[in-house]
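Coordinate-derived values only; no laboratory data. None of these values were measured; they are calculated from a predicted model. A quick note on method: Cβ atoms are made from the backbone with ideal geometry, for glycine too, and the neighbour counts reach across all protein chains shown.
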Amino acid sequence: MLISLDVKAQETDFSTEVAAYLDSNGTMKQYEYAYDELLKMLGKQYPKTDATAEGWKYLEGNKADAIADMKKELIPIYQKNFDAGEIQRMTAFYQSDTGKQLTNDRSQMTEVQKTELNSFYNSDVGKKIIEKQPILSTAISAVSEGWSRDLYETAMSLLK
């Protein structure tokens with residue numbers, strides 16, 4: 001009985017795969033950028049002084065943890081909307097040369113890459129991504145807003 005429960009848990013919890021997908025498709029880079037931009041904005045309002053030094057030390061050292069927290073919030077959204085095989089196919093696409101070019105600079109995609117991109121979005125998993133986009137956008141916006149708000153409130157409490 002215990003063995004079958006353990007196997008079932010492994011089948012349904014594919015958080016490692018979702019985490020790899022979020023890293024490969026550029027999502028986590030967007031949150032890293034947002035974190036950096038918040039610090040730049042706060043740096044103008046609250047320059048580093050003796051009074052704010054500890055707060056700045058925390059904020060500058062907390063980036064990896066803050067990004068990891070955001071990833072933990074995103075993973076269940078993808079687990080709810082896609083199965084492990086779909087996530088693996090999505091990750092494989094974003095780890096391909098075409099997927100990398102898409103996330104780095106879409107405007108520099110070759111005609112071959114554009115064809116590969118169209119093929120991906122015409123596949124079953126690509127169609128599902130498009131179909132799920134409104135649901136994903138709503139859920140991701142909600143957790144992103146909460147993450148941003150909490151991060152800002154923490155920063156303000158440390159720097160005031």
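Give the shape of the stretch 56-96 as rounded, prolate or oblate, defined through the alpha-carbon gyration tensor: a ≥ b ≥ c are the square roots of its eigenvalues, a/c under 1.5 means rounded, and otherwise the shape is prolate if a/b is larger than b/c and oblate if not.
oblate
According to the square roots a ≥ b ≥ c of the eigenvalues of the Cα gyration tensor, what is the shape class of the chain, taking rounded for a/c under 1.5, prolate for a/b larger than b/c otherwise, and oblate for the remainder?
It is oblate, given that a/c is not under 1.5 and a/b is not larger than b/c.
Per DSSP helix of 4 or more residues, -39500 (n - 2.57); summed, then divided by the residues of the chain. What does that give at 222 nm, rounded to the nearest 500?
-28000 deg cm²/dmol
Each residue of the stretch 18-35 in turn: what ³J(HN,Hα) in whole Hz from Karplus with 6.51, -1.76, 1.60 and θ = phi - 60°, glycine and Pro shown as x?
Per residue, the Karplus-derived 3J(HN,Hα) values read 5, 4, 5, 4, 4, 6, 6, 8, x, 4, 5, 5, 5, 6, 4, 4, 4, 4 Hz.
Counting pairs on different chains as well as pairs 8 or more places apart, how many Lys pairs in the stretch 32-119 have Cα atoms under 20 Å apart?
Summing the qualifying lysine pairs gives 13.
Mind ranking 131-137, 19-25 by how tightly packed they are, going by the mean number of other C-beta atoms within 10 angstrom, highest first?
Result, highest mean first: 19-25, 131-137.
Quick check on packing: order 146-155, 45-54 by the mean number of other C-beta atoms within 10 Å, highest mean leading.
The peptides rank, most packed first, as 146-155, 45-54.
If you fit an axis through the alpha-carbon atoms of helix 111-122 and take the longest principal axis of the Cα set of the chain, what angle between them do you get, 0 to 90°, nearest 10?
The two axes meet at around 80 degrees.
Using the Cα gyration tensor of the stretch 66-160, with a ≥ b ≥ c the square roots of its eigenvalues, what is the shape: rounded (a/c below 1.5), prolate (a/b larger than b/c) or oblate (neither)?
Prolate, since a/c reaches 1.5 and a/b exceeds b/c.
Where Lys and Arg each count +1 and Asp and Glu each count -1, what net charge lies around THR110 among other residues with Cβ under 15 Å from its Cβ?
-1
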